[in-house]
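What follows is one structure encoded as structure tokens, with my remarks underneath.
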Amino acid sequence: MKHIHIIGIGGTFMGGLAAIAQQAGFTVSGCDAKMYPPMSTQLEQLGIRVHEGFDEAQLDDFPADMYVIGNVAKRGMEVVEAILNRNLPYVSGPQWLAENVLRQYWVLGVAGTHGKTSTASMLAWVLEDAGLAPGFLIGGIPQNFGISARLPQKTPLDPKSVSPFFVIEADEYDTAFFDKRSKFVHYRPRTLILNNLEYDHADIFPDLNAIQTQFHHLVRTVPAEGLIVANSQESNLHDTLQRGCWTTTEGFGTPQGWHAGEAEADGAFTVFFQNKAQGRITWNLLGEHNRMNALAVVAAARHAGVPPEQACAALSRFQNVKRRMEIKGIVNGITVYDDFAHHPTAIATTLAGLRQKVGAAKITAVLEPRSNTMKLGTMAAMLPESLQAADAVFCYAGGVDWDVAAALAPLGAKVHVERDFDTLVTRLLHDARSGEHILVMSNGGFGGIHDKLLQGLQAA
């Protein structure tokens, strides 16, 4: 089997899988409806052919040995129905990855409702900095690497050997239309980080208990000789582990386990394990959530053989991930940020981190409720509280059916809801003032709003 055609290649997971498959010697092509950076750029740079649309005709243009189907693909799509009617071989992305790549490596998985991409990026970088040259598949592009995925590399410590390590962002979303288990049950990690656990993905999970069940399926796959690094502050994780755990567990966020000292004015802090200092991290990442991510990474890296002090030094050289508080530009004293936050908890922690950085300066939050959960309005009641730290809130309601204005009414006069995208941009530009920080939050391209704002500010 040499040619795979990926249905839904534009997603961060499937796009990363495409890069890994190509490195492994497979011919790779794929299709998707819409493509936008950073994945469109990465696939173009790799020379991977991408077909726009989910039509049947592409099966004749890309006669593959295996069709790898992403969870964007649904029954009723022309290409899916054709694959089934023609009895063509197909498999889910996670299963293909597990069978063709992961089974030969020490897998370090990073799971949780929030922070998976940032934490997985940190962990991959710590191993890389230590000369361990890991493979990785991450739902974003760590700036230390410039790519979202690769196979394990030959190690500088022994150029004749290939790294045994593979870091993967372990997503709880379902696998495919024919496999409704969470993706992460396929990965079989030896080292597992459990960052947090909240209700999300209302389109596939009826309640929190259903998500906890999937997380417990993941816990069941970790060997007794492995390690689970779990957030000790999360009662939902505690309850999940109480269902049964057969693996050594280390907690973080508690004095009994891994914990962080007070952050200094420049963001530096000391990492402790069982009240003994292990190392010091000096970086410019914002917020308590990133300090928690760092604790989990230091613990997981130690399991892979990296001393904590060395891991802390590596994290001091970490450059974050694209679309995680990424500054897109500064014009006339106005800073425009791009962030992937789309769950109320992530929105609140992102705003808290920015507030810590800018003090009393004006923060304008710009939100696109684009995730499936947000479109359903499941988290609507939580949104006002999550946006409290902003001085002004602009929300684009063009893609949702519930009453966004009513949901955000508790924010009072500082909230502006628009259903027309161009009107939203015009209003933002009209209200912008020097010294302001405009934080754009969406898990999609948001109509290229960042460039439109920067161009409009430049023309003002």
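The values are calculated or read from the model by the stated rules, or taken from the named source; none is laboratory data. Model, not experiment: these values are computed from the prediction. Don't worry about glycine lacking a Cβ; one is built from the backbone with ideal geometry, like all the others, and counts go over all protein chains shown.
Observations on the model:
- Taking the criterion of being over 26 Å from Arg302 (Cβ atoms), within 17 Å of the chain's Cα centre (by Cα) and not charged (D, E, K, R), the residues of the range 183-217 that qualify are Tyr199, His201.
- The set of residues in the range 184-222 being of a type in the set (D, E, K, R) and either part of a loop (DSSP other than H, G, I, E, B) or closer than 23 Å to Pro344 by Cβ (or both) consists of Arg188, Arg190, Glu198, Asp200, Asp203, Asp207.
- Every pair of residues 6+ apart whose Cβ atoms lie under 8 Å, when the first sits in the range 115-133 and is in contact (Cβ under 8 Å) with a residue 24 or more places away in the chain and assigned by TED's automatic domain parsing to the domain that holds Tyr105 while the second is surrounded by 24 or more Cβ atoms within 10 Å (Cβ to Cβ) and among the acidic types (Asp, Glu): Lys116/Glu169; Thr117/Glu169; Ala120/Glu169
- Within the range 403-426, considering residues that are loosely packed, with under 15 Cβ neighbours inside 10 Å and not small (Gly, Ala, Ser), the one farthest from Gly444 (Cα to Cα): Pro410
- Just one of (1) modelled with pLDDT of 95 or more; (2) in a loop (DSSP other than H, G, I, E, B) fails for Leu59. It is (2).
- All positions within the range 133-159 that are surrounded by 17 or more Cβ atoms within 10 Å (Cβ to Cβ) and either closer than 13 Å to Leu108 by Cα or among the small types (Gly, Ala, Ser) (or both): Ala133, Pro134, Gly135, Phe136, Leu137, Ile138, Gly139, Gly140, Ser148, Ala149, Pro152
- Search result, residues across the range 395-415 that are in contact with a helix residue (DSSP H, G or I) (Cβ under 6 Å, 6 or more places away or on another chain) and in a strand (DSSP E or B): Cys395, Tyr396
- Residues of the range 299-312 classified as surrounded by fewer than 18 Cβ atoms within 10 Å (Cβ to Cβ) and either in contact with a strand residue (DSSP E or B) (Cβ under 6 Å, 6 or more places away or on another chain) or among the aliphatic types (A, V, I, L, M) (or both), total: 1
- Among the residues listed as Thr155, Thr175, the single one being in contact with a Leu (Cβ under 8 Å, 6 or more places away or on another chain), more than 20 Å from Asn290 (Cβ to Cβ) and β-branched (Val, Ile, Thr): Thr155
- When Leu127, Leu97, Leu88 are checked against the criterion of being surrounded by fewer than 18 Cβ atoms within 10 Å (Cβ to Cβ) and either part of a strand (DSSP E or B) or at pLDDT 95 or above (or both), Leu88 stands alone in meeting it.
- Candidates Phe177, Phe215, Phe184, filtered to the one that is of a type in the set (Phe, Trp, Tyr) and either farther than 23 Å from Leu123 by Cβ or assigned by TED's automatic domain parsing to the domain that holds Val80 (or both): Phe177
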